[in-house]
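Trainee: This is the structure I want to talk about, given as structure tokens.
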Amino acid sequence: MRNLSFFRKILPIIIILSSNSFSAKSQVIYNENSNSPQTLSLNTYHFTEKRYEAKILGSNYISEEWQLSDIMTTIDSIPINNVLIKIDVFNNVIEIKDADKIKILPANQTQYFKLKEKNEYFITSNVLGNFILNGFSKVIFNGKITLLSNYSAKVKEAKYNEALAVGNRDDELIIVKNYYFFMKNNLLKTESTKKRLMKQFADNPKIQTFIKENKISPKDEKDLINLVKFIDSTL
């Protein structure tokens, strides 16, 4: 019983000492009333700098707006009508809005679709027979000759000079359009210059003359529409 009695006597002393010791440590760790005349400079001390986290700028979509559409699938040629969609040309899929969910339809499971409000048609390689075009192609003109605008996307890598602090830090997603003629059961990609475009029609002087006299640029969609309308009238 002596040992227990002794412990009861010294227990208050242990508690007081422990409390004082904890209080002293707290004052050392956190002291709002420091009177030190020196302050640490962010310029003189070597801090580790947070690295810039690069992003990919731009959009995957031809349009950011949901658009009302009718779709013809390759699944037993069953259509999907009156749905809201976005066209993702980076991943080559159609995003379909279904209440609070988004469903994905790949290009290779699509034949064509129509944007109803704009009355625009897009096709895939599934309707081009043996010709292969990745992703989706917009039908710009459709007669005896068809003009297609094929969409794709590429990433333009950032080029930034740390030493000079010039350039772009972020990658950029760029949507690319390439134009194709579909005529006489043949798919022909338009050349990038007027001179090369004229060579594509070396066997038809009338078309060459039209290109030259009207200063047709293969990079200008309106010029290409005028060209295919003329070609269509000669066929």
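Taken together, the values in this text are just the output of simple stated rules run on the coordinates, not laboratory data. Here the structure is a predicted model, which is why all the values come from computation and not from measurement. Here the Cβ positions follow ideal geometry from the backbone for every residue, glycine too, while neighbour counts run over all protein chains shown.
Trainee: Can you put VAL176, VAL127 in order of Cβ neighbours within 10 angstrom, beginning with the fewest?
Mentor: Placing the least packed residue first, the sequence is VAL176, VAL127.
Trainee: Sequence neighbours fewer than 8 away in the same chain don't count; with that in mind, list the aspartates and glutamates whose C-alpha is under 12 Å from LYS116.
Mentor: Of all the aspartates and glutamates, those that pass the test against LYS116 - Cα under 12 Å, at least 8 places apart if same chain - are ASP70.
Trainee: Among the lysines, select those whose C-alpha is under 17 Å from the C-alpha of LYS212, and discard any that sit fewer than 8 residues away in the same chain.
Mentor: Of all the lysines, those that pass the test against LYS212 - Cα under 17 Å, at least 8 places apart if same chain - are LYS194, LYS195, LYS199, LYS222, LYS229.
Trainee: Continuing with the same structure: Along the Cα→Cβ direction, 7 angstrom out, place labels at ASN186 and ASN226. What is the inter-label distance in nm?
Mentor: In this crude spin-label approximation the distance works out to 2.6 nm.
Trainee: What's the extension gain from SER77 to THR234 if we count 0.36 nm per residue and subtract their Cα-Cα distance?
Mentor: Gain in length upon complete extension: 53.0 nm.
Trainee: Please state the Cα pair-distance histogram of region 190-235 with 5 angstrom bins from zero: what percent is in each bin?
Mentor: So the P(r) values, bin by bin, are 5, 26, 38, 26, 6.
Trainee: Follow-up. Using r as the Cβ-Cβ distance of ARG196 and THR48, and R0 as 41 Å, what FRET efficiency do you calculate, to the nearest 0.05?
Mentor: 0.15
Trainee: So, in Å, what gap is there between the alpha-carbon centers of region 64-112 and region 160-190?
Mentor: 24 Å
Trainee: Two decimals is fine: what's Rg over Rh for region 56-186, C-alpha atoms, Kirkwood radius as Rh?
Mentor: Using only Cα positions, Rg/Rh for region 56-186 is 1.06.
Trainee: Here's a follow-up. Give the lysines reachable from LYS50 as a straight Cα distance under 22 Å; neighbours fewer than 8 places away on the same chain don't count.
Mentor: LYS159
Trainee: Based on the Cβ-Cβ distance from ASN214 to GLU120, what FRET efficiency comes out when R0 is 30 Å, to the nearest 0.05?
Mentor: Efficiency, rounded to the nearest 0.05: 0.75.
Trainee: Here's a follow-up. Please order TYR180, TYR160 by the number of other Cβ within 10 Å, starting at the fewest.
Mentor: TYR160, TYR180
Trainee: To continue, here is another question. Give me the Debye-computed log₁₀ of I(q)/I(0) at q = 0.21, 0.28 Å⁻¹ for region 140-190, equal point scatterers on Cα only, no solvent, two decimals.
Mentor: Evaluating at q = 0.21, 0.28 Å⁻¹ gives log10 I(q)/I(0) of -0.75, -0.98.
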